[in-house]
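Participant: Handing you this structure, nothing more for now.
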Amino acid sequence: MSQPHVDVKIPPGQMLSIGRLASASGVSTRSLRYYEEQGLIGAQRTDSGHRRFEPEAVDRVVLIQRLFSAGLSSKEIEPVLPCMVDESARTSLLVDGLFRIQGVVGV
C-alpha cells in the first residue's frame, strides 16, 4: 500500500473513477474491486459499466486499510464499518448488540 495522496483535491459532487480513487487512497485497483466485492465500499456504474465512487470513498478506503493493518479481516470489518463512518448507525448497531447480549445472558 502506498501513502494516500491527502492533497488530492476532489470537487464536491464529482464522482471518482477506480483509478482516481486508487491514486487518492494509495490502494491498488485490485484491492478496491475486492473491497467492493466484500461489501466494504459501494460503486455506481456508468452506462458502459465503469465504476464511479463518491469522494467520501477516499476516507473510507483509508479507514479500511487501517483496520486491515490492525489485523481485522474483511468479514470482521464489514459489520463494524457502518458505525465508524455513519454516526446515525452507531446507535442502532449498539442497541442491537445490547439486545443480543441481553438475550444471551437472559436479562
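Participant: Please state which of the following conditions Leu40 fails to meet, knowing it meets all the rest: (1) farther than 17 Å from Asp86 by Cβ; (2) not in a helix (DSSP H, G or I).
Facilitator: It fails just one condition, (1).
Participant: Return the residues of region 54-88 that are basic (Lys, Arg) and in contact with a helix residue (DSSP H, G or I) (Cβ under 8 Å, 6 or more places away or on another chain); say none if nothing qualifies.
Facilitator: Arg60
Participant: Here is a list of conditions, (1) in contact with a strand residue (DSSP E or B) (Cβ under 7 Å, 6 or more places away or on another chain); (2) part of a loop (DSSP other than H, G, I, E, B), and Asp47 meets all of them except one; can you say which number that is?
Facilitator: Just one mismatch for Asp47, condition (1).
Participant: Taking region 32-66, which residues are free of Cβ contacts under 8 Å to residues at least 24 places away in the same chain and buried (at least 18 other Cβ atoms within 10 Å of the Cβ)?
Facilitator: Ile41
Participant: Right, here's the next one. Go over the candidates Leu63, Leu32, Leu72 one by one and state the one that is assigned to a helix (DSSP H, G or I), modelled with pLDDT under 95 and not small (Gly, Ala, Ser).
Facilitator: Leu63
Participant: Okay, next question. Taking region 67-85 on its own, how many of its residues are at positive phi and either touching a Gly at 6+ places or on another chain (Cβ under 6 Å) or crowded, with 17+ Cβ neighbours inside 10 Å (or both)?
Facilitator: 0
The values are calculated or read from the model by the stated rules, or taken from the named source; none is laboratory data. Treat the numbers as computed from the prediction; the structure is a model and nothing was measured. Here Cβ is always computed from backbone atoms with ideal geometry, including for glycine, and neighbour counts include all displayed protein chains.
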